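**Student:** This is the structure I have questions about; it appears just below.
Only the coordinates and a few stated rules stand behind these numbers; no lab work does. Since we're looking at a predicted model, the values are computed, not measured. Heads up, the Cβs are rebuilt from the backbone with ideal geometry, glycines too, and the neighbour counts pull from every protein chain shown.
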Amino acid sequence: MSNSRYESHTTEIPLDALIFLADFFDTSVDYLLGRTRTTKRYPK
């Protein structure tokens, strides 16, 4: 699967991959999706 498909919105990132990336970069999924500018994670 090519990254360009993600960029052109013809496929979606699997939820488990999105959660992994948020954990890896120590940020929230909302930040990765561009829904917020706050990089801090939400409290559990």
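**Student:** Show that you can apply the helix-only estimate: for the chain, add -39,500 (n - 2.57) for every DSSP H stretch of four or more residues, divide by all residues, and state [θ] at 222 nm to the nearest 500.
**Tutor:** It lands at -10000 deg cm²/dmol.
**Student:** Output needed: percent of Cα pairs per 5 Å distance bin for the chain, bins running from 0 to the one holding the longest distance.
**Tutor:** 5, 22, 25, 25, 15, 6, 2
**Student:** A follow-up question, please. For PHE24, what charge total do you get from the other residues with a beta carbon under 13 Å from its beta carbon, if Lys and Arg give +1 and Asp and Glu give -1?
**Tutor:** Computed value for this residue: -2.
**Student:** Using label points projected 7 Å from each Cα along Cα→Cβ, tell me how many nm separate LEU15 and ARG37, to one decimal.
**Tutor:** Distance between the two pseudo-spin positions: 3.0 nm.
**Student:** Along the charge dipole of the chain, Cβ charges K/R +1 and D/E -1, which of PHE24, SER8, THR38 sits furthest on the positive end?
**Tutor:** Toward the positive end, the furthest listed residue is THR38.
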